[in-house]
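The values are calculated or read from the model by the stated rules, or taken from the named source; none is laboratory data. This is a predicted model, so every value here is computed, not measured. Ideal geometry is used to build each Cβ from the backbone, glycine not excepted, and the neighbour counts take in all protein chains shown. Ligands, DNA and RNA are excluded from the accessible area calculation, which covers all protein heavy atoms including side chains. Shrake-Rupley method; radii C 1.70, N 1.55, O 1.52, S 1.80 Å.
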Amino acid sequence: QVQLVESGGGLVQPGGSLRLSCAASGSISIYTIVWYRQAPGKQRELVASITSRGSTNYADSVKGRFTISRNNALNTVYLQMNALKPEDTAVYYCNHRVITSWGQGTQVTVSS
């Protein structure tokens, strides 16, 4: 499957916003794409997913704050993160629904 590269992470204050990007090396139009995150000492968890049809699902912890979207023409999936909390601090990864490998992710740090 196509290579996915995460970007857009950084340091933000509580209540702030970030937009993460997941750029693909080829077409992703037929694929479900999933955002995961892993905080230090914690298991990796699913954050949000978007199907080829554009239907979305979110972890309860981010509902109402995060929005996943896709632009198939740009081979990119986005994760808009608003009202960020310290507990959102993690390395964020994007992947296919069927996982064959992981990229390096992008670090999101929410701190005052």
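How much net charge surrounds residue 8 when only other residues with a Cβ under 14 Å from its Cβ are counted (Lys, Arg +1; Asp, Glu -1)? With Lys, Arg at +1 and Asp, Glu at -1, the neighbours total 0. At a probe radius of 1.4 angstrom, the accessible area of the chain per residue rounds to 54 square angstrom. By DSSP, what percent of the beta bridges with both residues in the chain are antiparallel, rounded to the nearest 5? Within the chain, antiparallel bridges account for around 90 percent of the total. Rounded to the nearest 0.05, the FRET efficiency derived from the C-beta distance between residue 57 and residue 101 at R0 = 22 Å is 0.45.
Using θ = phi - 60° in the Karplus curve 6.51 cos²θ - 1.76 cosθ + 1.60, the 3J(HN,Hα) couplings for the range 49-62 round to 9, 9, 8, 4, 7, x, 6, 10, 9, 9, 5, 4, 5, 10 Hz; x is entered for Gly and Pro.
The Cβ shell under 14 Å around residue 33 holds other residues with a net charge of +2, Lys and Arg each +1, Asp and Glu each -1. Each part gets one Cα centre, and for the range 1-19 versus the range 96-112 those centres are 9 Å apart. Phi angles across the range 68-85 convert, under the Karplus curve 6.51 cos²θ - 1.76 cosθ + 1.60 with θ = phi - 60°, into 3J(HN,Hα) values of 9, 8, 9, 10, 5, 5, 9, 6, 9, 10, 10, 10, 7, 10, 10, 6, 5, 10 Hz, Gly and Pro given as x.
To put it simply, the accessible area of the chain at a 1.4 Å probe is 46 percent carbon and sulfur.
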